[in-house]
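Novice: One structure, pasted below without further comment.
Here, each number is a calculation from the coordinates, and none is a lab measurement. None of the values given here were measured: they were computed from a predicted structure. We place every Cβ from the backbone using ideal geometry, glycine too, and count neighbours over all the protein chains shown.
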């Protein structure tokens, strides 16, 4: 029971921190509710990882401190909850219902993967092992191991939160939850140009690709960083077109969170930075 409670609080805190960040930079609403949720979650998840890192390298990884990090996000969500638009199931056609049924089946299979113990090599070797080691030592420290000893750890800090407060079940379910918000973001971005049916089809194709099936419920970074890249790319495209400083700032933060999670984020930062400089 505590595992699901921790998962819920972690999700709510991510949304709250994201809404607070969007409010601070005066970011306008996205055209679709799905993209709004994706923006808030991506910004909040990155913010949580950034906050935990500073406490971690200072040796403050006690449970009460981790709860304290989550609390402001939950409070922010309570006060800013009206900024999240509600979705509606009105006027949904038969094709949309059929696509939703297929999506529910694939999501259920991903949930089964998340409920099972992690089994792939990379997840066991470092994605989930490093947060466990940091919690055991009570501090984030350099791991003198080739290749995986000096990887970016931003998203791993959210793993540390889930593992430290709710155990392995919270950790694997948190990986599953990040995938769900990636789906919402993709649907929302798709709705900029596509109908509801084609947007759902796009999400279904994404959800059934081998990379997502394999890595969605595990510790792999690809699905987690995909939401940073998606939100960042759309934000910089719209921001430069509309001369919106807030959207450019959002894109820069997404690039930074991508870099903090995986070295491939350097390409994202280079691309977004080049777009800004060429304006």
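Novice: For Cα pairs less than 8 Å apart in space and 6+ apart in sequence, what is the mean separation divided by the residue count of the stretch 31-145, i.e. the relative contact order in percent?
Specialist: Values: 35 pairs, mean separation 55.1, N = 115.
Computed over the stretch 31-145, the figure is 48 percent.
Novice: Between 194, 130, 250, where does the largest GNM mean-square fluctuation fall for the chain, given springs only between Cα atoms within less than 10 Å?
Specialist: Residue with maximal mean-square fluctuation among 194, 130, 250: 194.
Novice: Continuing with the same structure: Would you mind computing, in nm to one decimal, how far apart the modelled labels at residue 58 and residue 122 are, each placed 7 Å from Cα along Cα→Cβ?
Specialist: About 3.3 nm separates the two model spin labels.
Novice: Follow-up. Can you give me the C-alpha center-to-center distance between the stretch 160-237 and the stretch 249-264, rounded to a whole angstrom?
Specialist: The stretch 160-237 and the stretch 249-264 have Cα centres spaced 16 Å from each other.
Novice: Taking springs between alpha-carbon atoms closer than 10 angstrom, which of 145, 57, 180 fluctuates most in the Gaussian network model of the chain?
Specialist: Among 145, 57, 180, the largest GNM mean-square fluctuation belongs to 145.
Novice: Let me have the 222 nm mean residue ellipticity of the chain computed from DSSP H runs of 4+ only, each contributing -39500 (n - 2.57), with the sum over all residues rounded to the nearest 500. Kindly include the intermediate steps, with their values, before the conclusion.
Specialist: Numbers: 11 runs with 203 residues, N = 279.
Helix-only estimate at 222 nm: -24500 deg cm²/dmol.
Novice: Eigenvalues of the Cα gyration tensor times 5, then square-rooted: what semi-axes does that give for the chain, in whole angstrom, largest first? Working shown, then result.
Specialist: Values: eigenvalues 159, 103, 71 Å².
Those come to 28, 23, 19 Å.
Novice: Follow-up question, since we're still on this one. Once you keep just the Cα pairs under 8 angstrom separated by 6 or more residues, what percentage relative contact order results for the stretch 2-215? List each step's numbers first, then the result.
Specialist: Working: 262 pairs, mean separation 72.2, N = 214.
RCO, the stretch 2-215: 34 percent.
Novice: In which sequence would 123, 209, 178 go, from the one with the fewest C-beta neighbours within 10 Å to the one with the most? Mind dumping the intermediate values first?
Specialist: Working: 123 20, 209 11, 178 23.
Ordered by Cβ neighbours within 10 Å, fewest first: 209, 123, 178.
Novice: Just to compare against my own numbers: the Cα pair-distance distribution for the stretch 184-267, 5 Å bins, whole % per bin, please.
Specialist: 3, 15, 19, 21, 21, 14, 6, 1
Novice: A further question on this structure: Which of 170, 96, 261 moves the most in a Gaussian network model of the chain with Cα springs under 10 Å?
Specialist: Ranking 170, 96, 261 by mean-square fluctuation puts 96 first.
Novice: Principal axis extents for the stretch 19-79, Cα atoms only, whole Å, descending order, please.
Specialist: Taking max minus min along each principal axis of the Cα atoms, the stretch 19-79 gives 42, 21, 19 Å.
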